[in-house]
1. Please check which bits of region 212-236 a label hung off Ile14 would reach, taking the label as a point 7 Å along Cα-to-C-beta and the cut-off as backbone N under 20 Å.
2. Please name whichever of Phe267, Gly80, Leu175 sits farthest to the positive end of the charge dipole of the chain, dipole taken about the Cα centre and charges placed at Cβ: Lys and Arg +1, Asp and Glu -1.
3. Relative contact order for region 93-219 using alpha-carbon pairs under 8 Å, separation at least 6, rounded to a whole percent?
4. Hydropathy at least 1.6 by Kyte-Doolittle, axial extent at least 15 angstrom from the Cα trace: which helices of the chain, defined as entire DSSP H runs, fit?
5. Rank Gln28, Gln87, Gln305 by mean-square fluctuation in a GNM of the chain with C-alpha springs under 10 angstrom and give only the top-ranked residue.
6. Name the long-range amide H neighbours of Asp34: under 5 Å, sequence gap of 5 or more, or other chain; modelled H, no Pro or chain starts.
7. Rounded to a whole number of µm²/s, how large is the Stokes-Einstein D of the chain at 4 °C and 1.567 mPa s, given Rh as the Kirkwood radius over C-alpha pairs?
8. How large is the charge dipole for region 362-409, taken about the Cα centre, if only the Cβ atoms of Lys, Arg (+1) and Asp, Glu (-1) carry charge, to the nearest 20 debye?
Amino acid sequence: MWGDVAIAFLLAFIVAFMATPYTIKIAQKIGAVDVPKDQRRMHKKAMPKFGGPAVILGFLVSVTYLLIVMSMEGTISLGGTENYGRQLIGMFLGILVISITCVFDDIITIKPIVKLAGQILAAIVAVSFGVRIESIDFGFINTSELGEAVSIIVTIIWIVGVTNAINLIDGLDGLAAGISVISAISLLVIFVLNGSPTIAIILITALAGALVGFLPFNFAPAKTFIGDTGSNFLGYTISIIAILGVAKTYTLAVIILPLIVLGLPIFDTLWAIIRRLIKGKSIKAIFKADKGHLHHRIVARGFSQKQAVLILYGISATFGIFAVILLDSGIWKALSFLLMVVVAIGLGYKNFQEEHSDTQRYECVECKYIYNPKFGNEKAGIKPGTPFEDLPDDWVCPVCGEGKDMFQIHQ
């Protein structure tokens, strides 16, 4: 098996690495370019956003090659009671639906509701081909008794939810791709420890390889973005592979592990929904982008974009390691690990605040006024020593009247 795993990773890596430069040229020809039209975007110049097809190509070439070779060798069965062949066809067709929908979004920008419809359709396609969360054994309750309808609904919600979670966290150079790599590696370890099906191990390895091949072009300073095509593909594929990976052991302890591994993007998405509902007071507000995501908040605290990405990598890795320890060593060792990480983060953040509290300044992008926390803004009642993040929400630039969201860290 390990030879197949090595081939799956390397082949996906090579294809994605070689294909990405071509997607940069294609992006410029078809207009798949992200122009920073508003302050929510963190980049300052137009950037190609068509890296997703390179990742998809690397993944599909690797998986297709391994499936053919392993089927010929007899080391994998795509039929049988599990019917993995049928489920894979459903996943590939869903990827096609996601790709077509999001390619249009990368080129001409479609409405969020249309993109959501594409995600739901892709999930329905996968479910119709047998991709299901069929049962979860809680010990005293077995959800298989709730019937096929509940299984279908839960699976669709899971697929669409994870797809959006990865899509929404894609806000800084290398963020979505890097977190997906960390999640994929964590799931790979969990699958191996859990004795999961070989097909799930091959799929998650190929995905990790394709992402590692793409990351050199996406990590700060980025040459290209993965785009909605890539981020939606990542979420969609990870959600389905997670289902296939725990298909034989639907105990509560095992089914919750993918939730923990994907804890960062899932939490960020749930908080975004709650935040937008409270602020907008309508369902439509959920689809309105804002600057309240975790990466925005970390940058607002004085960290650079690269530092913010590395911090979120660390948090994602913490979730992944926690899930692995939980499976392998139990809850108490997992909680001990988590406690040590929290203490280390607390000490590190305290040192960062002490080093930057007196030096970090913020510049209005409209009039170039600089807010210095050391002096505050006494005319507006802001005392000296007030951090920028503690300014009232209704505070405005004393020169041009722009709000807080029009300020960025002064380099």
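Just so it is clear, none of the values below were taken in a lab; they were calculated from the coordinates. Everything numeric in this text was worked out from a predicted model, so none of it was measured. Cβ placement follows ideal geometry from the backbone for every residue including glycine, while neighbour counts extend to all protein chains displayed.
1. Residues passing the 20 Å test: 212-217.
2. Going by the Cα projections, it comes out as Leu175.
3. Once divided by the residue count of region 93-219, the mean separation gives 18 percent.
4. Qualifying helices, which must be both long enough and hydrophobic enough, are 52-73, 112-128, 148-168, 175-194, 198-218.
5. Sorting by GNM fluctuation, first place goes to Gln28.
6. When sequence neighbours closer than 5 places are left aside, the close amide H contacts are Met47, Lys49.
7. After rounding, the answer is 57 µm²/s.
8. In debye, rounded to 20, region 362-409 gives about 260.
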